[in-house]
Amino acid sequence: MNKKNSDYKVEVKNLTKYFGDLHVLDDISFNIKKGEFVCVVGPTGCGKTTFLNLLTRIYYPTEGDLYIDGESADPKKHNLAFVFQEPSSLPWLTVEKNLRFGLELKKVPKSEIDRRVEEIIRLLGLEQFRNSYPHQLSVSTAQRIIIGRAFAMNPDLLLMDEPYGQMDVKLRFYLEDEVIRLWKELGSTVVFITHNIEEAVYLAERVLILTNKPATIKEEVVIDMPHPRDVSDPKFIELRKYITSQIKWW
Amino acid sequence: MNGKVKESGLGLDVEEFKRKKQKNAYMMTMLSVVGILSFLLLWQISVSMEWVNQKFLASPMQVLNLFLVKLTDASPDGNTLGMNVLASLQVSLTGFTLAVCIGVPLGLLMGWYRGFDSLIRPIFEVVRPIPPVSWIPLIIVWLGIGLQAKAFIVFFSAFVPCVINSYTGIRQTVPVLINVAKTCGASNFTIFWKIGIPSSMTMVFTGIKVALGNAWSTLVAAEMLAASAGLGYMILMGRQFARPDIIILGITVIGAIGMLFSSLLNIAESKVLGWKKV
Ligand SMILES: Nc1ncnc2c1ncn2[C@@H]1O[C@H](COP(=O)(O)OP(=O)(O)O)[C@@H](O)[C@H]1O
Ligand SMILES: [Mg+2]
């Protein structure tokens, strides 16, 4: 592969995944441009999480491969961050230490860690929980730690797997704007998985709609609207309805 | 006005509740003390009144008296109480410490690294069901009846729970936490160190507690079979000299030291696993 200078952050080529006899992903190919914000929607169990797990080498493809910056994907090489679907804060660390965890693994200098963690604590309103342990917090606050931990990495590829599923509407709206802000500020590439069509239309530059498993890409919808978007804008509503109608026959 | 009344009413309730709770705790402590005292009293009376033969049972006062005497007197077993305690501590701490220092890392490594597991597990599975005391005859042949021999037996009894619990503990590491570190680019060893080991700590401590109990009880068995000093040895001599007071003193001291160790271990545990309790 000699494509270092290509415009693509992520290239997915003929990706197929079986778990034993279970055929989950079926010959999927698509690209994600550098700096793009892509949402992936699809029915539960179609393989969305599996796709991210393949991209981070938690699993390996049955056939085909995934490339980041033109190289076969490898979390050791690339600066990526993953917000998992299930709770993933480290229960034995305080909120602050959880936020530092990934940066310390990456051997970021201490002064830089201090700076970024303070910033995240401020941004996500975690000051009062700084020295608390995750089990002392509500589910949505615990999820904020995980999002903060990912943001603090300043990743150039941010992977989020239904990150706001557990949250109340107010916090969700706030964090949706926050992820947009981060994305613009860092110029990172974001792959965001969600169940919520409105959320997808609110965030994404492009929405990938997956079919039931074995999943293929049913359709790509480009959302050509500037941020911040207005959910009551007729164009917004039309797109939301269109995507909803496309997934109705699941 | 109404609100204020209600508020002070609530305040009173909370105060009262707190006081009740405090009173309850006090009551419970008192009950425990009463329980122990009545047990001792009943024991004392039943010996004094000769409900039981003095040949078989010494009274608490006699035991207390013997305790004071044995602090300086080496008869009849040949060691003062302090010497016996020291001998037992030396054996049990040597065996127990070795068991923790070898067993815990071994269990963790077996639980984490497949190859290591395959290498060690067959041997471990054979050794594991052997009762520690059944090693005694062989150990005496190998190592005599000195410190090494007894420490070895204690080691075995404490080693097995250390290995098993550490192994099980690290095996139960939540996969997503491993993936968190993995996606940060961590190596397998770093994940083992930063995720696996902290995850396993609850089970590791359970194992160490079981190990401590085992170590202490095996120690007594070992000393009863082969020793020239120690609390187990003292108990055995008590039997030979038909001195129930010595036996009971030995048992009591063993119990007290065991309790002391358990509480030390609990303190260590709350240092490491304190986050669970906040
Ligand atoms: N490690 C695994 N082993 C076997 N089957 C799996 C594994 N991970 C996921 N699956 C299966 O693959 C399918 C897709 O799962 P997933 O990617 O989690 O779906 P979702 O789109 O809801 O995130 C499901 O049927 C799931 O049961
Ligand atoms: Mg999923």
Flagged in the stretch A:128-154 as under 22 Å from A:Ile180 (Cα atoms), free of Cβ contacts under 8 Å to residues at least 60 places away in the same chain and not aliphatic (A, V, I, L, M), in numbering order, are A:Ser140, A:Thr141, A:Gln143, A:Arg144, A:Gly148
Residue set B:Lys70, B:Lys23; condition more than 24 Å from the chain's Cα centre (by Cα), outside the structural domain of B:Phe155 (by TED's automatic domain parsing) and on the phi < 0 side of the Ramachandran plot; output residue B:Lys23
Within the stretch A:215-239, restricting to residues that are touching a residue at least 40 places away in the same chain (Cβ under 8 Å) and touching a Phe, Trp or Tyr at 6+ places or on another chain (Cβ under 9 Å), the one that is surrounded by the most Cβ atoms within 10 Å (Cβ to Cβ) is A:Ala215
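Please tell me if B:Leu108 is surrounded by fewer than 21 Cβ atoms within 10 Å (Cβ to Cβ), more than 14 Å from chain A (Cβ to nearest Cβ) and assigned to a helix (DSSP H, G or I).
no
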So the helices (runs of 4 or more DSSP H) completely within the stretch B:164-278 holding 3 or more residues that are within 28 Å of A:Asn98 (Cα to Cα) are B:175-183, B:188-191, B:197-225, B:244-272
Contact list, first residue from the stretch B:30-49 and on the phi < 0 side of the Ramachandran plot, second anywhere and surrounded by 10 or more Cβ atoms within 10 Å (Cβ to Cβ) and at pLDDT below 95, beta-carbon distance below 6 Å, six or more apart or interchain, is B:Leu40/B:Pro60; B:Trp43/B:Pro60; B:Gln44/B:Ser59; B:Gln44/B:Pro60; B:Ser46/B:Val52; B:Val47/B:Leu57; B:Val47/B:Ser59
Subset of the stretch A:43-91, residues within 16 Å of ligand 1 (Cβ to nearest atom) and free of Cβ contacts under 8 Å to residues at least 12 places away in the same chain, comes to A:Asn53, A:Ile58, A:Tyr60, A:Glu86
Within the stretch B:166-222, the residues that are touching a Pro at 6+ places or on another chain (Cβ under 7 Å), open to solvent by 50 Å² or more (accessible area, probe 1.4 Å) and under 29 Å from A:Asp156 (Cα atoms) are B:Lys182
Q) For A:Glu96, are the conditions met, namely being more than 10 Å from every other protein chain (Cβ to nearest Cβ), charged (D, E, K, R) and touching a residue at least 12 places away in the same chain (Cβ under 8 Å)? A) yes
Exercise. Do we find that A:Glu205 is more than 26 Å from A:Arg115 (Cβ to Cβ) and either of a type in the set (Lys, Arg) or open to solvent by 10 Å² or more (accessible area, probe 1.4 Å) (or both) in this structure?
Worked result: yes
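For every residue, the table says whether it meets (1) surrounded by fewer than 22 Cβ atoms within 10 Å (Cβ to Cβ); (2) under 16 Å from A:Val83 (Cα atoms).
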{"site": "A:Leu22", "(1), (2)": "yes, no"}
{"site": "A:Ile28", "(1), (2)": "no, no"}
{"site": "A:Asn31", "(1), (2)": "yes, no"}
{"site": "A:Cys39", "(1), (2)": "no, yes"}
{"site": "A:Thr44", "(1), (2)": "yes, no"}
{"site": "A:Arg57", "(1), (2)": "yes, yes"}
{"site": "A:Tyr60", "(1), (2)": "yes, no"}
Is there a residue being in contact (Cβ under 8 Å) with a residue 60 or more places away in the chain and within 17 Å of the chain's Cα centre (by Cα) anywhere in the stretch B:146-153? yes
Screening A:Leu157, A:Leu90 for residues that are closer than 30 Å to A:Thr16 by Cα, open to solvent by less than 10 Å² (accessible area, probe 1.4 Å), within 14 Å of chain B (Cβ to nearest Cβ) and within 20 Å of the chain's Cα centre (by Cα) leaves only A:Leu157
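Does A:Val12 fit the bill of being near ligand 1 (Cβ under 9 Å from one of its atoms), more than 14 Å from chain B (Cβ to nearest Cβ) and open to solvent by less than 60 Å² (accessible area, probe 1.4 Å)?
In short, no.
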Looking at this structure, is A:Tyr164 buried (at least 20 other Cβ atoms within 10 Å of the Cβ), within 11 Å of the chain's Cα centre (by Cα) and free of Cβ contacts under 8 Å to residues at least 60 places away in the same chain?
-> yes
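Rundown of residues vs (1) at pLDDT 95 or above; (2) outside the structural domain of A:Asn53 (by TED's automatic domain parsing); (3) of a type outside the set (Phe, Trp, Tyr); (4) within 25 Å of A:Asn196 (Cα to Cα), yes/no style:
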position	(1), (2), (3), (4)
A:Arg100	yes, yes, yes, no
A:Leu105	no, yes, yes, no
A:Val108	no, yes, yes, no
A:Gly125	no, yes, yes, yes
A:Ile147	no, yes, yes, yes
A:Leu171	no, no, yes, yes
A:Asp177	no, no, yes, yes
A:Arg181	no, no, yes, yes
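This table checks each residue for (1) within 16 Å of ligand 2 (Cβ to nearest atom); (2) among the hydroxyl-bearing types (Ser, Thr, Tyr).
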| residue | (1), (2) |
| --- | --- |
| A:Arg57 | no, no |
| A:Leu66 | no, no |
| A:Lys76 | no, no |
| A:Val83 | yes, no |
| A:Ser89 | no, yes |
| A:Asn98 | no, no |
| A:Lys107 | no, no |
Being more than 10 Å from chain A (Cβ to nearest Cβ) and of a type in the set (D, E, K, R), is that true of even one residue in the stretch B:179-200? no
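In this structure, does A:Leu54 turn out to be at the interface with chain B (Cβ under 9 Å from one of its Cβ atoms), closer than 19 Å to B:Leu177 by Cα and out of contact with any helix residue (DSSP H, G or I) (no Cβ under 6 Å at 6 or more places or on another chain)?
Details: at the interface with chain B (Cβ under 9 Å from one of its Cβ atoms): no; closer than 19 Å to B:Leu177 by Cα: yes; out of contact with any helix residue (DSSP H, G or I) (no Cβ under 6 Å at 6 or more places or on another chain): yes.
Here the answer is no, as A:Leu54 does not meet what is asked.
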Can you confirm whether the stretch A:9-19 contains a residue that is in the same structural domain as A:Val222 (by TED's automatic domain parsing), under 30 Å from A:Leu239 (Cβ atoms) and within 16 Å of ligand 2 (Cβ to nearest atom)? yes
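The values are calculated or read from the model by the stated rules, or taken from the named source; none is laboratory data. In this text, all values refer to a predicted model and were calculated from it rather than measured experimentally. Note: ideal-geometry Cβ built from the backbone for every residue, glycine included; neighbour counts use all protein chains shown. For accessibility, only protein heavy atoms count, side chains too; no ligands or nucleic acids. Shrake-Rupley method; radii C 1.70, N 1.55, O 1.52, S 1.80 Å.
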